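Below: the structure, in structure tokens.
The values are calculated or read from the model by the stated rules, or taken from the named source; none is laboratory data. Given the structure is predicted, the values throughout are model-derived calculations rather than measurements. Heads up, the Cβs are rebuilt from the backbone with ideal geometry, glycines too, and the neighbour counts pull from every protein chain shown.
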Amino acid sequence: MSDFYRTYYQLKLTLRTPLAVGSGATAATDNDVIVDSREKPLIPATAITGVLRSAIASLAETVSAQGIDGIPLDHALFGFIPTIALTDAQKLAPNNVTMPTGIRVYDACLEPGTSQAFFITTRDCVKLEKKVAVKGAKFDMQAVEPGAVFIGYLELLSGAYDAETKIEAALAALNRGDLRLGSKTTRGYGVVSVEAGKKTFGKVDDWLSKDDIRALDYEHVDLNQTSRATIITAKLRAVGGISIREYTTQVAPEGETAPDYMSLSLHDAGHTPVIPGTSWAGAFRDRFAEIAGETARDNLFGFVKTDKTDGRNEDVKKSDISFNESRIEGGTIKKTTRNSIDRFSGATKDGALYTEITSYFGTTELCITIRRPLSGEERFALAACLADLHEGLLPIGGLTSVGRGLFEIESLSMTGRDGALTENIDVCAIVNYIVGGDAQ
């Protein structure tokens, strides 16, 4: 059969940041990650299909199929079934034509031999406005930690519509971070590195005699393509301690004191302290609003509207700016036990003894990804936020009133600029570098 066609892709997905793919269960937290029958996390096929289809839909390309011109490319590749009742006239519209899928996507399972418990962690979250917790906005969630490796597969059932090229372009976007998996993707979650292999069958006899798809001789696929997003990278040095807490209920060994809370850290060999993307986004979002106003803030950082009092017609807008999680390297971990002191009497408060494990000093990297061109006002406000961070006016995390969460920028780079700002770091240099020399 000369018209036979099957192409398989083997995908090795390595988490560069935490992954939050919820199962809908709330047994351990308010949002548990999805796991397989062995209690190991996995990336469901629906999550992978969703991001790939979204990338292809964004191309806004159409094709001819079933004798009809103008069918959306994502419908032709991934299939389409109308979800609402249509009139006879509406059924004839190209974007309403029922299409069979041309792609099968398989769940991505944790790489064989990986420990099942090592990669699942619990994170405490709370929405803050001007460093004050919003009532009723406290929750915890599970996430799969960076470093976890998943293996998944794609199967193309047809080579029509230049399917291989389109899928590989979408995989390249996933590899470079333009596409992300799961939830909280604009707050640092779901960034993966992708290694892909491809095997094509052009004869049905060869396909029928193939080995298990896990054992095929895959040919490497080059996914290294330049991102079209603007990426700002700041190398930072911590000035003092950072207090982003991971509350614990562990029992200490005999003779030791268990911490009441400790710095949020990865569950790797060194328990590397981290600053989640949610903390960066929250701090920058509030300061951006102070500089540019709430409307400009919502246009860039997105919003979810819970009422209709502000006159806006839309209920939600996805953020156009993303903040990656930052790992703190080379710092010092210190354990302290202390009392809370009454400010008026100077005496210790009854029952206010607590133990904290905190990270001090060290270096880290802040990576900000912007998916659309910024206006001059937006560029200036974002530059001012970075300048405030450098000057200690924009602390990160908790206990900022006692000197925690301060950073200095050691170097700064941005795609689209010739070279990087690596010396003479000050407020004017930062603003002029980000704005492009137009700051006054």
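Values as computed for the structure displayed
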{"item": "Top-ranked residue of the range 233-254 - restricted to ones that are at pLDDT below 60 and not polar (S, T, N, Q), ranked as nearest to I425 (Cα to Cα)", "result": "Y247"}
{"item": "Hey, D206 at negative phi and without any contact (Cβ under 8 Å) to a residue 40 or more places away in the chain or not", "result": "yes"}
{"item": "Residue list for the range 275-303, restricted to those being part of a strand (DSSP E or B) and either at pLDDT below 90 or more than 20 Å from P18 (Cβ to Cβ) (or both)", "result": "F303"}
{"item": "Hits in the range 319-335 (condition: under 14 Å from the mean Cα position of the chain (by Cα), assigned to a strand (DSSP E or B) and of a type outside the set (F, W, Y))", "result": "I321, S322, S326"}
{"item": "So T200, is it surrounded by 16 or more Cβ atoms within 10 Å (Cβ to Cβ), of a type in the set (V, I, T) and not in a loop (DSSP other than H, G, I, E, B)", "result": "no"}
{"item": "Complete set of residues in the range 78-125 that are within 30 Å of K166 (Cα to Cα) and among the charged types (D, E, K, R)", "result": "K91, R104, D107, E111"}
{"item": "Top-ranked residue in the range 137-165 [being among the β-branched types (V, I, T) and buried (at least 16 other Cβ atoms within 10 Å of the Cβ); ranked as nearest to the chain's Cα centre (by Cα)]", "result": "V144"}
{"item": "Residue that is nearest to A148 (Cα to Cα) [pool: residues in the range 78-114 that are small (G, A, S) and surrounded by 11 or more Cβ atoms within 10 Å (Cβ to Cβ)]", "result": "A108"}
{"item": "Members of the range 134-180 found to be over 23 Å from V35 (Cβ atoms), of a type outside the set (A, V, I, L, M) and not in a strand (DSSP E or B), listed by number", "result": "S158, G159, Y161, D162, E164, T165, K166, E168, N175, R176, G177, D178"}
{"item": "Verdict on T226 being at pLDDT below 90 and either part of a loop (DSSP other than H, G, I, E, B) or not assigned by TED's automatic domain parsing to the domain that holds P112 (or both)", "result": "yes"}
{"item": "Selection count where residues are farther than 22 Å from R214 by Cβ and not hydroxyl-bearing (S, T, Y), scope the range 150-162", "result": "3"}
{"item": "Residue tally, condition free of Cβ contacts under 8 Å to residues at least 40 places away in the same chain and out of contact with any Asp or Glu (no Cβ under 9 Å at 6 or more places or on another chain), over the range 47-56", "result": "1"}
{"item": "F344 vs. criteria assigned by TED's automatic domain parsing to the domain that holds A238, at pLDDT 85 or above and not acidic (D, E)", "result": "no"}
{"item": "Complete set of residues in the range 7-42 that are closer than 30 Å to W207 by Cβ and in contact with an Asp or Glu (Cβ under 7 Å, 6 or more places away or on another chain)", "result": "T7, Y8, K12, L42"}
{"item": "Pairs, first on the phi > 0 side of the Ramachandran plot and surrounded by 15 or more Cβ atoms within 10 Å (Cβ to Cβ) in the range 369-397, second not hydrophobic (A, V, I, L, M, F, W, C) and not in a loop (DSSP other than H, G, I, E, B), C-beta under 6 Å, six or more apart", "result": "G397/S279"}
{"item": "Test: residue in the range 398-411 that is within 23 Å of the chain's Cα centre (by Cα) and under 21 Å from D320 (Cβ atoms)", "result": "no"}
